[in-house]
Each structure stands twice: as C-alpha cells, then as structure tokens.
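Heads up: the structure comes next, in structure tokens.
The values are calculated or read from the model by the stated rules, or taken from the named source; none is laboratory data. Worth saying up front: this structure is predicted, and the values here are computed from it rather than measured. Heads up, the Cβs are rebuilt from the backbone with ideal geometry, glycines too, and the neighbour counts pull from every protein chain shown.
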Amino acid sequence: MVHQLQGPDEIKAEEALALLCETYWHPIYAFIRRSGIKPHDAEDLAQGFFFHLFSHNSLATADQGKGKLRTFLLACLKNYLGNERDRAAAQKRGASLMVSMDVELAETLYRDESLNDDSPDRLFQRRWALSVLETSMSLLAAQYQHKEKIFIELRPFLGFGSKPEKSYEKISEELGIPVGTLKNQVHRLRDRWRDILFEQVGMTLEDPSPENIRNELQELRGCV
C-alpha cells in the first residue's frame, strides 16, 4: 500500500491510502481520544491526519529500512497533533479524500478500553495489535465463504475472541459432521490463520524474516 501511495497513479494512491486508513484508523482514533480529545473532535483530527498524510505526501518518507510501519505512523501522528490540531477540522471539511469511519464502533471499543489506565502510546499499540488480528481474521473468513456455517461454528476454537459455547460433539450433531473431521478442520483453520497473520505482520516490518515476524507477534501479544 505504501509503495502504491508513492506511485504516479493518483487513483491507485487514493485507493491505497483509503485501505490503509480503514485498516489502521482505530489505533489512531484511540491515541487521539486517550490524549484527552472529545469524540467529535477526535474524528475530525483522525480525518485530518489521514488527509495530511496524503496531501503532504508524508508516506513518501516511509522507508521500510527505517523500521516498523506502526512506529512511523505513530511518530507522524504525534507530529501532526503537535503542529496541526487547530486546523484539523478545516482540513477535514476541505479534503477530497474521506475515510470511512465507524465512529460508533470505535467509541464503543474505546469505552471498553478506557477501564484501564494505558497511556496513549500503550493504547495505540494495543489497538494496532487488535487491528492486525481482526484484519487477519476477516481475510480468513473471506477464504471460507463457501463454508460459512462451519467457519462460524469453529471460529471460537481458534482462541481469538469469545470462548466456544458449544462442544465439538454438539456441533457435530447439528452439522452432521464427525467430531474427528471438525477437529481436523480447526487444525487447518489455525494453520491458515497463522499464515495470514505472518503475511500481515511481515508487510509492516523492515525485515520480514520468520524470526522478526515471530518477535513482532510476541510483542503484539504483550499489548493485547
């Protein structure tokens, strides 16, 4: 996405930025809210920040050899808030690029997270980790559209989100699938999810070697 942003095709650049923003705007919003900004103003600032990235070509300076994407974006955000907060609303109204934001969802997530005393930086890292996990799970679900019912029933066994409310035996009875087959499918789901997660994390690292990806995953797990 960052490479497309730096390319000459403005349409592809806007599409890439929109995808980048929609994927990672929850950490941005959480950081702004934890910095003491009210919801409406936080939405304005988030919109203004993403427009700033595009209009000032800020991501052109994103060098994969200089570190992690999340570290780069957080530094850009802090700089933006320090220098441009007063003009954020005006930038949002004048922007030709508007990012799709489910503010109600973001605010619900923020309220749930506000029960702890995480710093803005810590909350940003936590939201980033959860965004990576959620994106990888969405990609996994898309690959199992032809087995949507089975995927919905087996997803709780992946260890992300809610715990299983049904046993393998109960699901076996409802779907008419042997328990052994269900357990094998969960094993395959976990393997595929791991592969997708490795791919997603690898795209945000300077050196996407297996060791570095595992280290990053370990770091992200510590934020959740």
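Residue by residue, here is whether (1) outside any helix (DSSP H, G or I); (2) at pLDDT 75 or above holds:
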{"residue": "76", "(1), (2)": "no, yes"}
{"residue": "83", "(1), (2)": "no, yes"}
{"residue": "87", "(1), (2)": "no, no"}
{"residue": "98", "(1), (2)": "yes, no"}
{"residue": "104", "(1), (2)": "no, yes"}
{"residue": "109", "(1), (2)": "no, yes"}
{"residue": "125", "(1), (2)": "no, yes"}
{"residue": "135", "(1), (2)": "no, yes"}
{"residue": "139", "(1), (2)": "no, yes"}
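Identify all residues within the range 153-173 that are surrounded by fewer than 11 Cβ atoms within 10 Å (Cβ to Cβ) and part of a helix (DSSP H, G or I); write none if there are none. 169 - this is the single residue of the range 153-173 that is surrounded by fewer than 11 Cβ atoms within 10 Å (Cβ to Cβ) and part of a helix (DSSP H, G or I).
Of all the residues in the range 29-44, those that are within 17 Å of residue 74 (Cβ to Cβ) and of a type in the set (Asp, Glu) number 0.
For the range 40-74, filtering for residues that are within 23 Å of residue 206 (Cβ to Cβ), at pLDDT 80 or above and of a type in the set (D, E, K, R) leaves 2.
Summed over the range 174-219, residues that are of a type in the set (S, T, N, Q), part of a helix (DSSP H, G or I) and in contact with a Lys or Arg (Cβ under 9 Å, 6 or more places away or on another chain) total 1. Checking each residue in the range 1-39 for being at pLDDT below 85 and within 19 Å of residue 112 (Cα to Cα) picks out only 24.
Per-residue answers, yes or no, for (1) of a type in the set (S, T, N, Q); (2) in contact (Cβ under 8 Å) with a residue 40 or more places away in the chain; (3) touching a strand residue (DSSP E or B) at 6+ places or on another chain (Cβ under 9 Å); (4) over 24 Å from residue 26 (Cα atoms):
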| residue | (1), (2), (3), (4) |
| --- | --- |
| 133 | no, yes, no, no |
| 142 | no, no, no, no |
| 146 | no, no, no, yes |
| 152 | no, no, no, yes |
| 169 | no, no, no, yes |
| 175 | no, no, no, yes |
| 178 | no, no, no, yes |
| 194 | no, no, no, no |
| 198 | no, no, no, no |
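When 148, 206 are screened for being within 29 Å of residue 72 (Cβ to Cβ) and of a type in the set (D, E, K, R), only 206 passes.
Within the range 128-175, the set of residues being within 24 Å of the chain's Cα centre (by Cα), small (Gly, Ala, Ser) and more than 16 Å from residue 192 (Cβ to Cβ) comprises 129, 131, 161, 162.
For residue 197, indicate whether it is surrounded by 13 or more Cβ atoms within 10 Å (Cβ to Cβ) and either closer than 20 Å to residue 20 by Cα or β-branched (Val, Ile, Thr) (or both). Judged against the criteria, residue 197 is a match.
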